[in-house]
1. Determine by what factor the alpha-carbon radius of gyration of the chain differs from 2.2 N^0.38 Å, reporting the quotient.
2. For the Cα atoms of the chain, what angle does the longest principal axis make with the long axis of helix 150-162, in degrees from 0 to 90, nearest 10?
3. Of the candidates ASP242, ASP198, ASP164, which one comes out as most mobile in a Gaussian network treatment of the chain with C-alpha springs shorter than 10 Å?
4. What list of ³J(HN,Hα) couplings, whole Hz, do you get for region 185-196 from phi and the Karplus terms 6.51, -1.76, 1.60, once you set θ to phi - 60° and write x for glycine and proline?
5. With the Cα gyration tensor of region 99-254 giving a ≥ b ≥ c as the square roots of its eigenvalues, does the rule (a/c under 1.5 for rounded; else a/b larger than b/c for prolate; else oblate) give rounded, prolate or oblate?
6. List the residues, sorted by chain then number, that are 5 or more residues from VAL176 or on another chain and whose placed amide H is less than 5 Å from its amide H.
7. Pick from GLU258, GLU95, GLU42: which is most flexible by mean-square fluctuation in a GNM of the chain where alpha carbon atoms under 10 Å apart are linked?
8. Applying the Karplus parametrisation 6.51 cos²θ - 1.76 cosθ + 1.60 with θ = phi - 60° to the phi angles of region 21-30, what ³J(HN,Hα) value in whole Hz is obtained for each residue in order, glycine and proline being reported as x?
Amino acid sequence: MQTATTLKDLRQAVDELRASGTIALVPTMGALHEGHLTLVREAAKKADHVAASIFVNPRQFGPNEDLDAYPRQLAEDSAKLEAEGVALLWAPTVEAMYPEGYATNISVSGVSAGLCGADRPGHFDGVATVVCKLFNQVRPDMALFGEKDWQQLAVIRRMARDLDLVLPHVDAIHGVPTVRDEDGLAKSSRNAYLSAEDRAAAAVLPRAMDMAIAAITGGAEVAKVLGLLKAALLDGGFANVDYAEMRDADSIAPLDHENGNARLFVAARIGGTRLIDNKPVTA
């Protein structure tokens with residue numbers, strides 16, 4: 001596996017790979033877990049070469065969020081990627097990604113409104129900006145993202161569509177289903193923050209979501225079900241619920257009834273850690 005830390009080295013490595021086939025990009029912030037590795041394996045099925053990026057993007061963290069505490073383990077992550085057969089790792093510094101005088105920001109409206117967009121002002125601007133830069137730097141034929149961050153995926157697809165990106169084209173931006181632990185909790189780098197007690201209690205999140213989905217598809221009033229979902233999380237050990245909403249999967253517009261394309265979105269905090277999840281509202 002080649003590792004590039006400068007744009008010059010990256011472009012040379014990309015040119016070499018492109019001469020012998022297609023490239024799939026898996027963007028990450030590191031602290032890799034089975035969810036990330038699943039993306040890598042899916043990418044290997046779709047392209048001749050897999051490139052991964054590791055960059056903890058300061059522009060998507062708010063002033064009181066966990067940028068400094070976010071786990072950084074480049075050597076361990078590199079070993080995992082190499083074991084999976086990744087051909088290229090792009091691991092830029094902050095200075096390489098945002099050189100002195102950097103002044104450009106990408107803002108995607110509509111799909112970024114509400115949910116994490118409301119709770120984390122500026123977050124999706126940071127996501128759209130860094131992903132657009134990664135796409136321009138690597139010029140992949142396709143890119144893969146986890147569906148756990150569904151709103152993020154919607155923002156990235158909207159950005160690619162609106163800016164007429166070619167590498168990758170919006171149709172080549174693939175979502176991969178969320179990877180979960182045996183108790184149903186979505187795998188996340190932030191799960192490492194949880195104490196053993198909080199980790200055990202966190203399993204109420206996917207269970208409560210499943211019960212809410214069953215109730216909604218069974219004809220129950222959505223607002224009432226969402227209230228019961230929030231109560232179940234608080235009773236189960238969560239400190240607070242940032243949101244529990246049903247929205248259209250494509251437009252991310254709020255829904256008060258199931259429309260055949262609905263998803264349930266939840267963000268809640270336990271033990272100081274913010275967990276997010278989403279699931280399709282289907283019987």
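1. So the Cα radius of gyration is 1.01 times the expected 2.2 N^0.38 Å.
2. Approximately 50 degrees, to the nearest ten.
3. ASP164
4. Values per residue, Gly and Pro as x: 5, 5, 5, 7, 4, 6, 4, 5, 6, 6, 5, 4 Hz.
5. The shape class here is prolate.
6. HN-HN under 5 Å from VAL176: PHE145, GLY146, GLU147.
7. GLU95
8. Using θ = phi - 60°, the values come out as x, 7, 10, 10, 9, 10, x, 9, 10, x Hz.
Values in this text are rule-based calculations from the coordinates and carry no lab data. Predicted, not measured: the structure shown is a model, and the values here were computed from it. Cβ atoms come from the backbone with ideal geometry, glycine included; neighbour counts cover every protein chain shown.
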